[in-house]
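Taken together, the values in this text are just the output of simple stated rules run on the coordinates, not laboratory data. In this text the structure is predicted, and so the values were computed from the model without any measurement. Counting neighbours? That spans all protein chains shown, and the Cβs are built from the backbone with ideal geometry, glycine included.
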Amino acid sequence: MNVSSMVKVALAVAALLSSAESAFAQGKTRLLWLGQASWRIESPGGKVIVIDPWLTQGPKAPAQYKDLSALGKVDLLLVTHAHVDHIGDAPAIAKMYNTVLYGPADMVTPLIFLGMIPANLGHRFNKSGSVTPLPGIKVTAVKAEHSSLLVWNNPATPGSFPTCSSSPSTTNPTSF
Ligand SMILES: [Zn+2]
C-alpha cells in the first residue's frame, strides 16, 4: 500500500470513528486517528508507524497526544509533505525516538540542512519508488499534485518571516 492510498484509506476509516480516541482494529493491524492526517498504526508485528503527526498544535489531536511520549516508541515516521498540518511534530518525534523520517526529498533535504533533523534520520523519496524500511512493511511514494512549502523561522532573526494569515499557528517553526 503506498503512502497516499494508505492515508486515504486511513481517512476513510476516520470517518467511521466516533471519536479521535477510538482505535480501529482490522485483523492484526491497529489504526488510531490522531486528528487531521495524523495516524498511529501498529503493525501485526508490533511496529509503530506514525503518519503526518500534527499533535501539539493540531486542534483535533487527542489531549493525551499533546505529550509526544504518549505515542510510545515510534519505529517508522512518514510525512507526506511540509505543510504544518502534516509535518507538525515530525522532526521532534524523529529526534525523540531516533526514528528515520521518510518524506519527499524537497522536504527532507531542507530539514537536514536547517538542522531540524540529523542527516541520518532523513530518508528522501524522489517522485516515486518503494522502500522496505522495516521487515514486511513496504512504503511506496506516488506522484501528488500539491505544494510542499517548508517555512522555517531563523532563530537568529526571530519574527523576520511574515506569518501567513492562513497558518493555524504563529509559533510553529513550519507553516504555509
Ligand atoms: Zn498541504
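Normalised by 2.2 N^0.38 Å, where N counts its residues, the alpha-carbon radius of gyration of the range 32-92 equals 1.00.
Each of the peptides 128-134, 38-44 was scored by the mean count of other Cβ atoms within 10 Å over its residues; in descending order, highest first, they stand as 38-44, 128-134. Each residue of the range 102-118 was assigned a 3J(HN,Hα) from its phi angle through the Karplus expression (A = 6.51, B = -1.76, C = 1.60, θ = phi - 60°), giving 9, x, x, 4, 5, 9, 5, 4, x, 4, 6, 6, 8, x, 6, 9, x Hz with x at Gly and Pro. Near the amide H of residue 34, within less than 5 Å, lie the amide hydrogens of 39, 40, all on another chain or at least 5 residues away, with H placed in the peptide plane. Residue by residue, the range 92-99 carries 3J(HN,Hα) couplings of 5, 5, 4, 6, 5, 10, 6, 9 Hz when phi is fed to the Karplus relation 6.51 cos²θ - 1.76 cosθ + 1.60 (θ = phi - 60°); x denotes Gly or Pro. Our coupling estimate for the range 48-64, obtained by passing each phi through the Karplus curve with A = 6.51, B = -1.76, C = 1.60 and θ = phi - 60°, is 9, 10, 10, 10, 6, x, 9, 10, 5, 10, x, x, 9, 5, x, 3, 5 Hz, Gly and Pro reported as x. Length gained on full extension, residue 28 to residue 131, computed as 0.36 nm times the residue gap minus the Cα-Cα distance: 34.9 nm.
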